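Values in this text are rule-based calculations from the coordinates and carry no lab data. This is a predicted model, so every value here is computed, not measured. Cβ atoms come from the backbone with ideal geometry, glycine included; neighbour counts cover every protein chain shown.
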Amino acid sequence: MTANRSPGRMIGVDVGGTFTDVFVLDEGPGTAHVAKVPTSRPDQAGGFLDGIARQVEDLSTVSVVVHGTTAGTNALLERKGAKVGVITTAGLRDVLEMRRRDRPRTWGLRGDFVPVVPRNLRLEVPERTLADGTIRTPVDLDAVRAAARTLLAEGCSAVVVLFANAYANPQNEAAAVAAVREIWPNPHVSSSAEILPEIREYERFSTTALNAYLQPEVAGYLDRLETALTSGGFSGEFMVVQSNGGVMSVETACRLPVRTALSGPAAGVIAAAYIAQSAGYPDVITGDMGGTSFDVSLISGGQSLLSPQTSIDFGLVVRSPMIEITTIGAGGGSIAWVDKGGLLNIGPQSAGSDPGPVAYGMGNDRPTVTDANVVLGRIDPENPIGGKLDRLDTEAAARAIDAHVGAPLGLGTIAAAEAILRVANSRMAGAIRLVSIERGFDPKRFAFMPFGGGGALHSGAMLADVGIGRAIVPRYPGVTSAMGCVIADMRQDFVQTLNSLVDGLDLGALTGFMQSHVDQGLALLDAARTRFEARDIVFELDMAYVGQTHTVAVPLPVEVAGGRVAPPDRAAIAAAFDATYRATYGRLLATGTRRVMNLRSAVIGRRPKFDLATLAPTASGPAEAARKGTRRVHFAEGWQETAIYDRLALPVGARIDGPAILEQPDTTVLIEPGLTGTVDRFGNTIITRQEG
Amino acid sequence: MTGAGIDPITLAVLAGRMEQIADEMDATLFRSAFNPIIAEAHDASHGLYHAETGDTLVQGKSGLPIFVGVMSFAVKAVIDKAAETGGPVDGDIWIFNDAHMGGTHLSDMRLVRPYFRDGALFCYLASVGHWHDVGGAVPGNYNPAATDAFQEAFVLPPVRIARAGEMQTDIVDILMRNTRLPQSAMGDLNGQLGALDLGVRRMDELLDAYGGETIRAALAALSDRAEALMRAELSSLPDGRWQAEDFLDNDGITDVALPIRVALEISGDRLVLDFEGTAPRCAGPVNIALPTAVATAYVAIKHIFPALPANAGVMRPIELRIPEGSLLSAEFPAPVGGYTETILRMIDVIFSAAAQAAPERVVANAYGTINALSIAGKRGNGAPWVMFSFYGGGHGGSSEGDGLNHGNAPISTATIPPMEILEAAYPVMFRQWALRGGSAGAGTHRGGLGAVYEIELLEENAEAFLFGERGRFAPRGVAGGGEAALNVFSYEQEDGWHHPPMASKMRGIALRRGQAVRLETPGGGGYGPASARAPEAVARDVAMGYLGEEDATRLYGPGWTAVRS
């Protein structure tokens, strides 16, 4: 274990498309502060440092800075990465461009794909390994060197070596990489088995190539941040959130930038899981409503679900465990329109945050979900969130709704605005139901946790449309991702394809892979300068019956004492598979032959959690003291004079019956008629149906 | 049903809610199906259908494109069958695979369940999924030599697998005795029954919340609006009559080309698709049943107008004329196992005709064949193996840009298995898995590239079977764009490389260790005249090896050489 540091300040920074959020936890007194500043462009480092400076004068008092970043994702989407060269097996240079024979959209047959490495920079060399690891053709190292020199002459700044079946035997690939490293002028040389020793050539090659593509951009960005922090007196640990919801060191992030693909959203889900668990609701569905999208994630028993891969954009596949997040195009900026058949639709086109809703007055004239909320009085036009605008233009929003929705449907302004919200709510509710069903859960037994700037305006609709019992609005829903940065554990994931029948499994080799994963993972924890309360090691085997291509993840209970892995037992592996398979499919196959496809290991350093009660309201006295006045707000029942409260001034235990609106700088919480909001001991607002 | 009187807000909300019921049924089956054709390739579909006509009311978004439109025929077949025995009963579930009644092919098992509300029939729920094996002469049921349906699979007409809520285990026993993979079939059957159960629960909730009259009105209004949307799209196109023809190489039995012809006529807000002149029913399995032809027309139209919803209203302004006795309306027991090839060609001719009316709305032909290739043999220990897969090709160019390299077929959304998974499972090695230079149709926006797959046998002996098309007639361009390359299949013997006498179909090719087969698949057709392609784009194609220098100059003229880098 590393030496314990004296408690200091921990800072989480999440850089989103519109805002940079900062969450500062003062471990000593147990207090927290938040800041929200506009995201700076093109270099996000400016906003990052500005946000921290709002809350912390002396960086030497800071022990940990954890960053949720979209720098890697943006570089991929904008195709702003390095010039990468590929050296690959003869006959296979087009794997990256051929994908898995898919298409961008089901209907229409339009759209093509431009790979991040063009074909003329993908060079083939004689070599071949077979699926069982046999080397059929040894690698021609002269050809490898010649290819590397050609790529250098073409101006490539990074090179990846991508050989067939390298997951089964990396010998040819390793020899080629060693030869390239001798002549390549920088450290940006990697091979597919180093990055992802897992079967499936396209997914492995794509992950490796995208990783190389991102290295200079992400490393440069993190280096600028670290230099600025250090020159400000910071001497603590600087870490980055991964897509799997765990943090990693900056060194690891520079080596494996592809693991930051969903960094910020993952941190939000981690915080949501912790808040919900603390509040007594381990089963929760989160809904993050931003400008262009509504992101849904499911947490069961306090654990967020991981998916094995994602596509950042069509054909840009990153395979590494990541928090499962489903996105639909229904955000505050999503545009409402009526199709030629006379049906009202929301999205997928969005005004985003720039130009944004019509009410922003920045040039968009088509009505959005936010415009409907403004027209119905649910958002205060005099105090827009985020502080970028002085006021919102309600009249312009109403005109746009009239022109694009009201007139074609024969509805007045208010009815048209209600229609927009009902359709948007219905789509969000649908996403929640579908995410649950796809994973085999009944959504009714989950709580709903809205976060992001707009989600808490819509929680009542989720209760009504999905049949969910309660919504939990966190105390600071606008900075959830930044808070998640402070909470997240350090985690490293490893994979190794085994592709063996259980009966023929080489247990010595399996133990060797497990030990190697544990050694690498623990070394990374040891190198970290942050403190851990515990270290956990989790092993899973991807298994199936022979003939099935879809595997189930089988937890493998294995003892690790003093860093040494106890060899697993063949019968225990078979029994673990049977238990998982039965739980998933309800039955076993009497004549099926069990196969192990992959070993997956996770090495986790549990970081100390802060007590969420430190965020609890300090106010006491009657809830009425927090009442700011009233505003006319439109609900299904018509206009109602609605009480407005300063949310952060409400005391623990306060009960507010709807209709009511709770306002805070980054969020508006809507409590609809028939619902009640209660402030729990952490300052969360729990929204339930009124009794009786 | 009438759609008058429902308010537009409720309607917009219900549109999403009802589509979601079908989506949730899809998700239930994808999650629980045993066989990867359903679980991974999503070769399945679910929806809600009209109580009297069987018309599609709502269908899920995630199922296979070709099922959108074909399912209503399955429901109609059940409605007719149930009428013989006094009409549908609450708790009955019908099951069948007869492709001449329900469309597509015999591998697709259809389950249809009447949904009752307050003692009265409200609508039907249906589930279709591709089972791994349904008997017949060939495992997996892709028999290129079949001359009738009985050689393709066992044929099940609509029967009740549940009566008034009681499962009929004798029917289940018959099903399980007629498949080579009963465990897989049982898993899929349970998954489909589960999807229907979920559909019933969701319909109950929806009707509890909104009442039957509102839902009925919404369903009617949605069909009316889909019709209005289709009419609005058709009205935006010029009036006129345009013709197109193309050919299937042969039926796999006799080496004679089979024409598929269409006349597309637009007048105001109506469309006629007349397939007069198409070849008559043939001996081999490239026939299709009438329901398949109707569903294919819908697929083609939805590719041209992607925003159209999936309900029967879309088809009201469209008249289909499918000649009796043609291979597009083959009657039982004509073999239909190769229906994919025929419907791809139907889509191609519809595109070619529609492009004359509205070139900017239509993409050029895609590669046009699924190339079903199987290689089978025995391992050293005597264990049999069969590697079966479909292979990809290029998509057509469009008004927006070049076609996609190596895409999937327009009738499917299935992806190809990774090469490493195939090599790990079967004794083969891919010498090549590559883009095929020169395979794209030339054009202002060229087609996407097809692929080259060369597969070497690593065991002592094996046999190869191919069911493909486009070996004699290349994918066409539109709006003046050029043709793509032909599909070329080659196989290695001791005396060198050979091609099948029937171009893209062959069975029983004997391979020995070290010998290979090679598929060179077509690209997509080009869009617009090649002469209008930017010289820089041609120069880039040459630099990337998508096109040889000589071909570049032949197709596009010498202008590109002035801007080569």
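For a quick check of your reading of the filter: which GluC sites (Glu not before Pro) in the stretch B:9-96 sit in a DSSP loop and have no more than 15 other Cβ atoms within 10 Å?
Within the stretch B:9-96, the qualifying GluC sites (Glu not before Pro) (loop, at most 15 other Cβ atoms within 10 Å) are B:Glu52.
To the nearest 20 debye, what is the magnitude of the charge dipole of the stretch A:248-375 about its Cα centre, counting +1 on the Cβ of each Lys and Arg and -1 on the Cβ of each Asp and Glu?
240
Which of the DSSP-defined H helices in chain A satisfy a minimum axial length of 24 Å, computed from C-alpha atoms, and a minimum mean Kyte-Doolittle hydropathy of -0.5?
A:201-231, A:413-438, A:507-527
Distance between the C-alpha centers of the stretch B:36-50 and the stretch A:484-559? Whole Å please.
34
Roughly how big is the stretch A:86-130's charge dipole about its Cα centre, with Cβ charges of +1 (Lys, Arg) and -1 (Asp, Glu), in debye to the nearest 20?
240
For a quick check of your reading of the filter: which GluC sites (Glu not before Pro) in the stretch A:135-195 sit in a DSSP loop and have no more than 15 other Cβ atoms within 10 Å?
When the GluC sites (Glu not before Pro) of the stretch A:135-195 are filtered for loop state and at most 15 Cβ neighbours within 10 Å, A:Glu154 remain.
Along the charge dipole of the stretch A:87-128, Cβ charges K/R +1 and D/E -1, which of A:Leu123, A:Thr88, A:Trp107 sits furthest on the positive end?
The residue sitting farthest along the positive end of the dipole is A:Trp107.
From the backbone phi of the stretch A:290-300, what are the Karplus-calculated ³J(HN,Hα) couplings (6.51 cos²θ - 1.76 cosθ + 1.60, θ = phi - 60°) in whole Hz, Gly and Pro given as x?
With coefficients 6.51, -1.76 and 1.60, one gets x, x, 10, 8, 10, 9, 10, 9, 10, 10, 10 Hz.
Counting other C-beta atoms within 10 Å, and keeping those with at most 16, which DSSP coil GluC sites (Glu not before Pro) do you find in the stretch B:384-491?
B:Glu400, B:Glu460
Can you put A:Ser263, A:Ser320 in order of Cβ neighbours within 10 angstrom, beginning with the fewest?
Going from least to most buried by this count: A:Ser320, A:Ser263.
Which value in deg cm²/dmol, rounded to the nearest 500, describes the helix-derived mean residue ellipticity at 222 nm for chain A, given -39,500 (n - 2.57) per DSSP H run of n ≥ 4 and division by the residue count?
Working: 16 runs with 199 residues, N = 692.
Taken over chain A, the calculation gives -9000 deg cm²/dmol.
Please arrange A:Thr69, B:Thr85 by how many other C-beta atoms lie within 10 Å of their C-beta, fewest to most.
Listed from fewest to most nearby Cβ atoms, that is B:Thr85, A:Thr69.
Diagonalise the Cα gyration tensor of the protein assembly as shown and give the resulting equivalent ellipsoid semi-axes, square root of 5 times each eigenvalue, largest first, whole Å.
47, 40, 31
Considering the options B:Val286, B:Ala330, B:Val299, tell which one lies farthest towards the positive end of the dipole of the stretch B:283-365, charges being +1 on Lys and Arg and -1 on Asp and Glu at the Cβ, about the Cα centre.
B:Val299
Mind checking which lysines have their C-alpha under 22 Å from A:Lys340, skipping anything on the same chain fewer than 8 residues away?
Within reach: B:Lys61, B:Lys302.
³J(HN,Hα) across the stretch B:487-500 via Karplus (A = 6.51, B = -1.76, C = 1.60, θ = phi - 60°), whole Hz, x for Gly/Pro?
For the stretch B:487-500, the Karplus curve yields 6, 10, 10, 9, 9, 9, 10, 4, 9, x, 8, 10, 10, x Hz.
If neighbour count is taken as other Cβ atoms inside 10 Å, put A:Val13, B:Val428, B:Val294 in order from fewest to most.
Ordered from fewest to most neighbouring Cβ atoms within 10 Å, A:Val13, B:Val428, B:Val294 come out as B:Val294, B:Val428, A:Val13.
What does the charge count near A:Ala148 come to, summing +1 for each Lys or Arg and -1 for each Asp or Glu among other residues with Cβ under 12 Å from its Cβ?
Net of charged neighbours comes to 0.
If you split all Cα-Cα distances of the stretch B:1-105 into 10 Å bins from zero, what percentages do you get per bin, shortest first?
It works out to 14, 38, 35, 13, 1, in whole percents.
Express in whole angstrom the spacing between the alpha-carbon centres of the stretch B:254-280 and the stretch B:142-214.
First find each Cα centre; the distance between them is then 34 Å.
In debye, nearest 20: dipole of the protein assembly as shown around its Cα centre with unit charges on the Cβ of K, R (+) and D, E (-)?
Rounded to the nearest 20 debye, it is 980 debye.
P(r) for chain A, please, calculated from all Cα pair distances in 20 Å bins and given in %.
P(r) for chain A, in whole percents per bin: 17, 48, 30, 5, 0.
Cα axis of helix B:8-32 to longest principal axis of chain B: angle in degrees, 0 to 90, nearest 10?
That helix lies at roughly 70 degrees to the long axis.
Rounded to the nearest 500 deg cm²/dmol, what is the calculated helix-only ellipticity per residue at 222 nm for chain B, with -39500 (n - 2.57) per DSSP H run of length n ≥ 4?
Mean residue ellipticity, 222 nm, calculated: -9500 deg cm²/dmol.
Using alpha-carbon positions, what is the distance between the centroids of the stretch A:282-332 and the stretch A:563-614, in Å?
One Cα centre to the other: 23 Å.
Give the average, rounded to an integer, of partner chain Cβ atoms located within 10 angstrom of each Cβ in A:85-98. Let's see the in-between values first.
Numbers: counts 0, 0, 0, 0, 2, 3, 10, 6, 5, 12, 5, 0, 6, 11.
Mean partner-chain Cβ count within 10 Å for A:85-98: 4.
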